[in-house]
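The values are calculated or read from the model by the stated rules, or taken from the named source; none is laboratory data. None of these values were measured; they are calculated from a predicted model. Cβ placement follows ideal geometry from the backbone for every residue including glycine, while neighbour counts extend to all protein chains displayed.
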Amino acid sequence: MARRVAIIGTGQTHHRSQRRDVNGREMIHEAVQRALADCELTMRDIDAVVIGNMDHFEAINSVDTWSVEGSGGVMKPIMKVTTGGTTGTSVAIAAYYHVASGMFDKVLAIGWEKNSESDTTGAIVTCSDPIWDRYSYSGAIPSLATEASAYMEKYGATQRDAARVALRERTHAQNNPYAHMHGRPLTLDEILDSPMLAYPIKLGDICPRTDGAAAVVFAAEDVAEKLAPRPAWIKATAVRHTYSWFGDVDQRTGLESLERAAREAYAAAGIKNPAEDFDVAELYLPYSYAGLKWIESLGFCGPGQGPQFIWDGHTDMGGKIPVNPSGGVMSTNCIGATALLRVAEAAIQVMGKGGARQVPDVKTALATGFGGCWWSDVVILGKEKPA
Amino acid sequence: MSAPELLTMTSPDVGMPYEWSIGIYGSKFFQEIRAHQRFVGIRCPQCGKVRVPPRRVCGTCFRELDELVPLPPTGTIIAFTIVNYPFIDPATGLERPVPYTYGYIQLDGADNIFSHIINETDETRIKVGMRVRAVFKPAAEMQGNIQDIRHFEIIEVKHGE
């Protein structure tokens, strides 16, 4: 039987398009020190480290050992986990497994990326099959754009509906001093008038490329209760990775991996009506149309109802289920850290440490991860210790 | 007078040190294109689905496949995008020419989707649901890879649009 586990500390860098003042190790170190400070631990207290970033991005292999002086992993059990866009939720879930297994009491999960040092699109293209898909595949933006084209055709959703999602993310980011897009608000018209990158995705519809790192401390029940005034308990995690070929995913349906992961996690955490039962959600939405379609896959509303749900303001701050108080992926995207930031931000909301981006009285929070070949992770956190 | 500066031009044909095995069924796919200008998929005896390109294992049922199914070179667009921004293609080291359209196409008789280029870059002239047909290279120019299919072209505009 798995042990109860909680998040007791989080740390993140002030995310920027380019951090010339630090190398990757040093940037990781900033996030780790902030996470340790958040739960008043030192590196000596940490039993094991799980770290990940995107394959091929900075052209540095074995980042687990390369980064030890920054991660604090010198002569500690350390593992690299890298699963594309879901890397951040994978390191979180792997750290959770470490503690839940009973073998480690305090485990540090780290995600990071220096997009400014990477050939992002070229690296992502190498995730497609070299014989069949790579000739036409062109990285994350057009891949997501194809999904949008199918969703628009099926439900009549518009570029304006998508822009409303982008507006929410950018507006929320103004409350988050760590966000890459903090201090850079956009209007609906500015989003709609931005250049077309890959029809129907415009510059205003897509995530930025960010340099940044995140770190999260997971602790066993007795440790968590001793150290944290309000730990964020792990209520459920679920992983669904589906890809064998891009063409095996049918974009005319909902995001099946997310539907399946959510179903499993909701059952484990006793979630019956997600839009009512969650107080806040930190969702891996890499582009605006995901904010329409994927909330349907998560059961916030019915199929095709995403646009109306968004325009009604249910996902804004003060709405029924605020989505991405942090500004989300469209405001910060240090890719290997991005899904871990969703988990960290959900934990911040449960712990009541959100400052200007805090949703009042959060009892249950949802975090998701998304990866390039249409796979999904779900993490549910809560204020009450699981039964 | 000093000697003139002599220029050189390096071949843009960047060599990549990779060689990927296509396998028996994948090879058959390209051989069918060359011999008959048609596609071939493979049917799973358990779930009954026909998938293209043909592969040895059904991932869902996790069992071996051997029933090849001929498929016509026609299908329907289920999703597409028009790529407008330049990037370096890691397969060649060269900038991918833009704009270009790539789409997900359900080939007639297949249950899954096939991805390739569609030769229409005007977003007002392409729609999900349009019918397309593969345009092949002349057989003598075929090399047994995905570029033996030059692209797909739109063959019909949906009525009522």
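Some notes on this structure:
- Of all residues in the range A:269-309, those satisfying the criterion of being within 14 Å of residue A:328 (Cα to Cα) and outside any helix (DSSP H, G or I) are A:280, A:281, A:282, A:283, A:284, A:285, A:286, A:287, A:288, A:289.
A quick yes/no check of all residues on (1) surrounded by fewer than 24 Cβ atoms within 10 Å (Cβ to Cβ); (2) farther than 27 Å from residue A:145 by Cβ; (3) outside the structural domain of residue A:148 (by TED's automatic domain parsing); (4) of a type in the set (D, E, K, R):
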| site | (1), (2), (3), (4) |
| --- | --- |
| A:252 | yes, no, no, yes |
| A:262 | no, no, no, no |
| A:266 | yes, yes, no, no |
| A:270 | yes, yes, no, no |
| A:278 | no, yes, no, no |
| A:281 | no, no, no, no |
| A:290 | no, no, no, no |
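So that you can scan it fast, the table gives a plain yes or no per residue for (1) in contact with a helix residue (DSSP H, G or I) (Cβ under 7 Å, 6 or more places away or on another chain); (2) not hydrophobic (A, V, I, L, M, F, W, C):
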residue	(1), (2)
A:217	yes, no
A:220	yes, no
A:229	no, yes
A:234	yes, no
A:246	no, no
A:254	yes, yes
A:259	yes, yes
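- Flag if residue B:96 is under 20 Å from the mean Cα position of the chain (by Cα), within 11 Å of another protein chain (Cβ to nearest Cβ) and in contact (Cβ under 8 Å) with a residue 12 or more places away in the chain: yes
- Among residues of the range B:136-151 being surrounded by 14 or more Cβ atoms within 10 Å (Cβ to Cβ) and over 10 Å from the mean Cα position of the chain (by Cα), the one that is modelled with the lowest pLDDT is B:144.
Quick grid of which residues meet (1) within 14 Å of chain B (Cβ to nearest Cβ); (2) more than 23 Å from the chain's Cα centre (by Cα):
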residue: A:168; (1), (2): no, no
residue: A:172; (1), (2): no, no
residue: A:186; (1), (2): no, no
residue: A:199; (1), (2): yes, yes
residue: A:243; (1), (2): yes, no
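- Scanning the range A:188-197 for residues that are within 14 Å of chain B (Cβ to nearest Cβ) and either crowded, with 19+ Cβ neighbours inside 10 Å or modelled with pLDDT under 95 (or both) turns up just one, A:197.
- Residues that are under 17 Å from the mean Cα position of the chain (by Cα) and among the hydrophobic types (A, V, I, L, M, F, W, C) within the range A:71-107 comprise A:81, A:91, A:92, A:93, A:94, A:95, listed in sequence order.
- Residue in the range A:374-387 that is part of a loop (DSSP other than H, G, I, E, B) and within 19 Å of the chain's Cα centre (by Cα) present: yes
- Looking across the range A:17-55 at every residue that is part of a strand (DSSP E or B) and under 17 Å from the mean Cα position of the chain (by Cα), the one that is surrounded by the most Cβ atoms within 10 Å (Cβ to Cβ) is identified as A:51.
- Single residue of A:73, A:111, A:139, A:85 found to be surrounded by 20 or more Cβ atoms within 10 Å (Cβ to Cβ) and within 14 Å of another protein chain (Cβ to nearest Cβ): A:139
Condition check ((1) free of Cβ contacts under 8 Å to residues at least 40 places away in the same chain; (2) in contact with a Lys or Arg (Cβ under 8 Å, 6 or more places away or on another chain); (3) not in a helix (DSSP H, G or I)) across all residues:
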| residue | (1), (2), (3) |
| --- | --- |
| A:65 | yes, no, no |
| A:88 | no, yes, no |
| A:112 | no, no, yes |
| A:138 | no, yes, yes |
| A:142 | no, no, no |
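- Residue that is nearest to residue A:276 (Cα to Cα) [pool: residues in the range A:314-363 that are among the polar types (S, T, N, Q) and not in a loop (DSSP other than H, G, I, E, B)]: A:349
- The residues in the range A:95-140 that are in contact with a strand residue (DSSP E or B) (Cβ under 6 Å, 6 or more places away or on another chain), farther than 19 Å from residue A:61 by Cβ and of a type in the set (A, V, I, L, M) can be counted, and the count is 6.
- Looking only at residues in the range B:123-137 that are free of Cβ contacts under 8 Å to residues at least 40 places away in the same chain and either in contact with an Asp or Glu (Cβ under 8 Å, 6 or more places away or on another chain) or within 11 Å of chain A (Cβ to nearest Cβ) (or both), the one that is farthest from residue A:159 (Cα to Cα) is B:137.
- Looking only at the range B:33-74, and only at residues there that are assigned to a loop (DSSP other than H, G, I, E, B) and aliphatic (A, V, I, L, M), the one that is nearest to residue A:250 (Cα to Cα): B:52
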